[in-house]
Amino acid sequence: MQLYTTREIEQLHQHENLPYLIEIMEWVKNFLGKPHPNLGRPGVVCPFVPHSLKSNSIRLAVIRAKDLYPEQVEEIVGDYRDIFLRMEVKEQELAINKAFLLIFPDIHIEEASKLIDTVQQKLKPLFVESGLMIGEFHELNQSPGLHNPNFRPLRSPIPLLAIRFMVEADLPFLDNPANPHLRIRYLEAYLKCFRDKFTDETKFKNAHQALALAKAQLTTISR
């Protein structure tokens, strides 16, 4: 379960997975870490990437999943979650910028939306309740951008799953499941995570309002 920082990848010379590591590293730098005309807001696609690159806080791993069942992939990703949580960080700023990118080069694009999306959906509740986010990236990802519904920010040249710490700005991603049970679970985890450290009072109020609405919807359905 080898993880490489971007600086370590730049120093690698011969490695069977080097082409995949380089391709995703370049995608991080030139897509996630740069502005895009269709983004719908100023700034880079992912605001954390420039700081993460500067602090060498992104780690990449290649997972060969050719002969693995979805349950085996879930177990491997769950192990990386445990590694992520155990990994010590010297500075608080680095904790915010820390990310794992788990690359799956053996998954064909036609299978990515089934396997990658399914694993992400299955594991997301566990990650959220651990104060983490897990994102699914592949070429056919149809998830729209927050500021432009026609922009597709979660498309990557190789299928991958990304792990990072939850931040206050993640509220829209946790208030979107149609299932009220799941929405309540996410919102309660979000409020627990930032209970004593909200910096944005509006997000705090919005989260409580969203939770109340989800509970009201659940009550209506139960009648």
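Yes/no per residue for (1) out of contact with any Gly (no Cβ under 9 Å at 6 or more places or on another chain); (2) modelled with pLDDT of 90 or more; (3) of a type in the set (Lys, Arg); (4) surrounded by 19 or more Cβ atoms within 10 Å (Cβ to Cβ):
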| residue | (1), (2), (3), (4) |
| --- | --- |
| Arg185 | yes, yes, yes, no |
| Glu188 | yes, yes, no, no |
| Leu191 | yes, yes, no, no |
| Asp200 | yes, no, no, no |
| Lys205 | yes, yes, yes, no |
| Ala212 | yes, yes, no, no |
| Leu218 | yes, no, no, no |
| Ser222 | yes, no, no, no |
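One residue stands out in the stretch 119-142 among those that are in contact with a strand residue (DSSP E or B) (Cβ under 9 Å, 6 or more places away or on another chain) and surrounded by fewer than 16 Cβ atoms within 10 Å (Cβ to Cβ): the one that is farthest from Glu75 (Cα to Cα), namely Gly131.
Each residue in the stretch 51-70 was checked for being within 21 Å of Ile158 (Cα to Cα) and in contact (Cβ under 8 Å) with a residue 12 or more places away in the chain, and 13 of them qualify. Counted as qualifying within the stretch 1-78 are the helices (runs of 4 or more DSSP H) with 2 or more residues that are more than 20 Å from the chain's Cα centre (by Cα), namely 6-11, 18-27. Residues in the stretch 113-158 that are more than 13 Å from the chain's Cα centre (by Cα), assigned to a loop (DSSP other than H, G, I, E, B) and aliphatic (A, V, I, L, M): Leu140, Leu146, Ile158. Number of residues in the stretch 4-30 that are in contact (Cβ under 8 Å) with a residue 40 or more places away in the chain and surrounded by fewer than 18 Cβ atoms within 10 Å (Cβ to Cβ) equals 3.
The values are calculated or read from the model by the stated rules, or taken from the named source; none is laboratory data. Since this is a predicted model, take the numbers as computed values, not measurements. Note that each Cβ is placed from the backbone with ideal geometry, even for glycine, and that neighbours are counted across all protein chains shown.
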